[in-house]
Amino acid sequence: MSYLSFNKASIRAVTPTDPYHRKAREICLSWLDGAAHFSLHTSGSTGLPKEIVVKRAQLQASVRASADALSLQPHSRVLACININYVGGFMMLIRAMELDWEVVLVPPVSNPLLDLPATLSFDFAALVPMQLAEIISNERTRDLPQKLGKILLGGVGLTPAQYDAFQKLGPEIYLGYGMTETVSHVALRSLSDAHDAPYRLTGDLEIGTDARGCLYLRGAVTDFELVQTNDLAMVSADRKSFRILGRIDNTVNSGGIKMQLETLDYQFGAVFREAGISNRFFFWKMPDPRLGEALVLVVEGENTLQKQIRALVEEHLERNKRPRKICFTELFLMTGSDKVDKSRTFDTLSGPAAADNISVS
């Protein structure tokens with residue numbers, strides 16, 4: 001794995017041969033040459049991937065909001081290691097050009113520190129949780145997070161094990177809430193807070209909830225257009241912060257019993273951890289002729305744990321809230337932005353992997 005180091009003064013003289021590095025250079029040069037519009041692509045984790053065209057002013061508003069909220073200073077050295085083909089990695093390059101940062105660019109890999117000089121230190125880094133988990137689990141890099149400076153985590157929620165492990169690290173670590181339509185995060189919360197602490201807005205945004213209870217946002221980062229999400233939220237009285245309860249399309253109505261998939265994921269993550277099970281998993285739903293919808297538990301790995309997991313389900317979940325199936329699959333499918341593609345992963349279980357399913361009555 002190679003890395004590329006540059007700032008806005010040197011990027012024109014850089015002539016990378018790696019296609020990923022060349023793409024980063026093109027983005028930076030487009031910005032420095034005053035491009036008025038940029039095309040971004042959603043990751044596809046909550047629907048079909050789509051192209052979104054954003055204005056330069058939206059990106060500048062996002063940079064200002066992030067810099068103010070995180071006290072990001074000009075001329076800092078930063079680690080850019082999340083995919084530049086999606087908004088999180090793309091915005092690291094835009095911030096670098098606007099704030100005149102020295103960028104160390106690493107292609108998106110599970111452990112971006114493995115092939116970097118151990119002497120390098122940073123003021124700021126943006127990571128996905130999987131990368132930080134890999135860093136601290138590898139003996140060569142487990143002591144290096146303190147060299148990353150402030151860390152912004154985005155892309156996916158944390159498991160209980162990740163939350164506990166990351167809280168013990170020295171650097172300031174923040175969880176971001178945002179999407180492609182808001183050109184990166186629009187709210188942050190510190191990892192020193194409880195796992196259900198509210199996100200606090202960055203920048204000047206109008207927020208609220210629609211009739212379904214789902215969050216909407218509007219401000220400079222959205223070009224003052226209303227962005228309606230499918231995220232169920234509780235908005236504070238001063239409309240400066242909010243808690244995310246889960247996605248409305250991740251609500252399971254099973255025989256009149258409503259359950260939120262994200263809540264189950266977090267709660268059962270603690271059960272798995274206490275039982276010493278490190279396999280990744282997620283709860284999902286499927287049609288059921290009697291219940292309307294039925295809960296499913298999907299576990300990554302071989303089904304050698306089925307008896308143990310079944311016992312945990314029966315011990316920790318009420319009868320009417322137990323999954324109707326526990327499914328095992330060899331490997332979870334991922335989106336381009338390193339999120340588990342739950343829908344596609346579950347769809348594969350209608351094939352040969354279905355033979356490994358066990359029912360829970």
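Let's see how each residue does on (1) among the small types (Gly, Ala, Ser); (2) surrounded by fewer than 18 Cβ atoms within 10 Å (Cβ to Cβ); (3) touching a Ser or Thr at 6+ places or on another chain (Cβ under 8 Å):
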site: Phe242; (1), (2), (3): no, no, yes
site: Leu245; (1), (2), (3): no, no, yes
site: Ile248; (1), (2), (3): no, yes, no
site: Ile257; (1), (2), (3): no, yes, no
site: Leu261; (1), (2), (3): no, no, yes
site: Gln267; (1), (2), (3): no, yes, no
site: Phe283; (1), (2), (3): no, no, no
site: Leu297; (1), (2), (3): no, no, no
site: Ala311; (1), (2), (3): yes, yes, no
- Message: I'd like the residue in the stretch 323-342 that is in a strand (DSSP E or B) and of a type in the set (A, V, I, L, M) and, out of all such residues, is surrounded by the most Cβ atoms within 10 Å (Cβ to Cβ).
- Response: Ile326
- Task: Name every residue in the stretch 281-321 that is among the small types (Gly, Ala, Ser) and either in contact (Cβ under 8 Å) with a residue 40 or more places away in the chain or in a helix (DSSP H, G or I) (or both), in order of residue number.
- Result: Ala294, Ala311
- Message: Criterion first (at pLDDT below 95, surrounded by 21 or more Cβ atoms within 10 Å (Cβ to Cβ) and polar (S, T, N, Q)) does Ser110 satisfy it?
- Response: no
- Name the single residue, out of those in the stretch 158-217 being acidic (Asp, Glu) and closer than 19 Å to Leu144 by Cα, that is surrounded by the fewest Cβ atoms within 10 Å (Cβ to Cβ). Asp164
- Query: Which residue out of Leu72, Leu116, Leu59, Leu93 is touching a strand residue (DSSP E or B) at 6+ places or on another chain (Cβ under 9 Å), in a loop (DSSP other than H, G, I, E, B) and over 15 Å from Lys150 (Cα atoms)?
  - Reply: Leu116
- Item | Hits in the stretch 218-249 - residues which are touching a residue at least 60 places away in the same chain (Cβ under 8 Å), closer than 27 Å to His37 by Cβ and either out of contact with any strand residue (DSSP E or B) (no Cβ under 8 Å at 6 or more places or on another chain) or not in a loop (DSSP other than H, G, I, E, B) (or both) | Gly219, Ala220, Val221, Thr222, Asn230
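The values are calculated or read from the model by the stated rules, or taken from the named source; none is laboratory data. Keep in mind that what you see is a predicted model, and the values were worked out from it rather than measured. Neighbour counts are summed over all protein chains in view; Cβ atoms, including those assigned to glycine, are modelled from backbone coordinates with ideal geometry.
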